[in-house]
Amino acid sequence: MGELGGVQTNTGAKLYFILPAEIQKGLATIGDPLKKTELFAVTGRLNTLSMIMEAGSGHIGSSFSAMDIVSHLWHNVLRNPNQPQEQYSDTYFSSKGHDAPGLYSVFIGLGLLPAELLHKLRRLGGLPGHPDISTPHIATNTGSLGMGISKAHGMALARRMQKKSGRFYVLMGDGELQEGQFWESLQPAVNASLGEITAIIDHNKIQSDALIKETSDLGDIEQKLRAFGWFVIRIDGHDISAIAGAIDECAAVQDRPQIIIADTVKGKGVSFMERIGEDGYYKFHSGAPFGGGLSKGVGRASGAHPRPRHRTGHFRNSASCARRAAKSTAAH
């Protein structure tokens, strides 16, 4: 794995990043576009982990649970994304917002942001902890929960008034479904026949550090959403093929908005981040893993497997890391 600038944390742990050019080298070894996306998501998790470690804070769990969805949208789906001046532009934003480190790693991997910003998460003049329109390619400020569909509603009406077109993809956390504004936004979107809106629920079932069902149980959300008139589909949020199929199916629905309930795992990609602790609390909602957590996390994220074949020290450069991750991804 390529070491970028010899960066170390204040605990002395070394940080590893994969630069955009090396990511593209790894992708070039794969023909299947869905496998390309799987590899891209692996590199996104690696860079996200190191960004958060260097910053000393950030939201790992939800960045990892959403990474496959965000990677597919930005790698394969969005056209002229977040460019409202264009006649056609797809719009993407995360309503929950705190998964921003994962989104930034996607932007950097695609060359939309400079690679040096890998070192500037939560730094003055760098990348804010939650999305802000001062950052290129960010459509709207987010992080105040429950407002996503309302924002997309207003944006969609504005584009209609401008005689412009494009679809709107809104990523939502499942914890924010407890917000009253979320439920208030459902019926007006149906009444306005906003078929250009697709909401995607990152349903990792953990709210901050506790299970949602033990905080405020959502009940049968499929039945509730359908009762408002939305088109609803449920998928495995880590199956790139299922994600692609659901996005295509939603795009064919023109008379009403759609919601994809994506069942995900908080901390996906690093086995010890994928589960509730013995004390009943989730440890990786925010903050940075210390001690041996970094090296274990890097090794496991790079293999995209609970027991990776390749340990961190076996990677000598970025290209080899990308190629090894590609082989691991293709094998599973």
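What follows draws every value from the coordinates through simple rules; no lab data is involved. Since this is a predicted model, take the numbers as computed values, not measurements. All Cβ positions, even for glycine, are placed from backbone atoms using ideal geometry, and neighbour counts span all protein chains on display.
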In this structure, among K35/K283; K96/K283; K120/K283; K164/K224, pairs with alpha-carbon gaps over 28 Å are K35/K283; K164/K224
So if R0 is 45 Å, what FRET efficiency would D236 and L124 give, r being the distance between their Cβ atoms, rounded to the nearest 0.05? 0.70
Under a plain spin-label model, where a point goes 7 Å from the Cα along Cα-to-Cβ, how far apart in nm are L211 and D279? 1.8 nm
Under a Cβ-only charge scheme (Lys and Arg +1, Asp and Glu -1), can you give me the dipole magnitude of region 54-202 about the Cα centre, in debye to the nearest 20? 500 debye
Considering amide H positions built from the backbone, and no H for Pro or chain starts, which residues 5 or more places from G166, or on another chain, come under 5 Å of its amide H? S89
